[in-house]
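What follows is a short report on a single structure.
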Amino acid sequence: MDTAPLVRHAAIAMMSHHWLHRVRGRGSMEQSQVAAMPPAHIRYRLTPLQCLLSMLPGIIIVASQVLFWLDGGPHGLHLVSLLVWCVLPIASRLFGVTLTPSAAIVHNLRRRTIPWSSVQAIQIESLFGSRTVVIYEAGGRRTRLRAPITAFLNWDHSFEEKFHTIGRWWLDNRGPDWVPVPPPGARWGGPPVSNANPYAPPA
């Protein structure tokens, strides 16, 4: 019996298996490398639930106004204010911050770009019962981000993680030439500057 064809088939099968294994290994390696690469940017905005909660006052006002109209009230009352109550919460979804390797891009009514090299601190501060992220700049300016934000009835369970991510992007991208600048405490309404570092970088 001629066993040469069987040997050839076995050799071809082994070569095919070896080639397929290398291709799969290379593919998994490329996938792991892609997964390990940091993102080019990160965008933080209000969560869908926060946007929905911000729309509730407008929904209540619109519903009460419709009932008022159905009851015989004037039809042209406060149409502009009703439009503002409905559109503004939807537009607030655009507010927030985008983290890039060079700067934090703050999305408010007017967009601002804050280079990481000019940032002196990133802290959590409370405002009207909400916890917000505030960026302090070397010139004394402080920018309060509209998102991320969290509060008792406006909860964002990822707020702490987002805050630390913003802090890491600052620490990783502020550059080797970054130097701390003593804060003008009187300008910010704070206590006099002590020997302790008034800026506490995110842990």
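The values are calculated or read from the model by the stated rules, or taken from the named source; none is laboratory data. Everything numeric here is computed off the predicted structure, so don't read it as measured data. Cβ placement follows ideal geometry from the backbone for every residue including glycine, while neighbour counts extend to all protein chains displayed. All accessible areas refer to the heavy atoms of the entire protein, side chains included, with ligands and DNA or RNA removed. Shrake-Rupley method; radii C 1.70, N 1.55, O 1.52, S 1.80 Å.
Any idea what log10 I(q)/I(0) is at q = 0.16, 0.21 Å⁻¹ for segment 128-176, Debye with uniform C-alpha scatterers and no solvent?
Debye curve over Cα of segment 128-176, log10 I(q)/I(0) at q = 0.16, 0.21 Å⁻¹: -0.52, -0.80.
How would you order 132-142, 172-182 from highest to lowest mean count of nearby Cβ atoms within 10 Å?
So the order, starting with the most tightly packed, is 132-142, 172-182.
Leaving out ligands, DNA and RNA but keeping every protein chain, what accessible area does Leu49 have, in Å² rounded to the nearest 10, with a 1.4 Å probe?
100 Å²
Could you please report the charge total around Cys51, scoring K, R as +1 and D, E as -1 over all other residues with beta-carbon less than 9 angstrom from its beta-carbon? Numbers along the way, then the final one.
On the way: positive: Arg45, Arg93; negative: none.
Within the 9 Å Cβ shell, the charges total +2.
Just add up the charged neighbours of Glu125: K/R +1, D/E -1, any other residue whose Cβ is under 12 Å from the Cβ of Glu125.
Overall, the nearby charge balance is +3.
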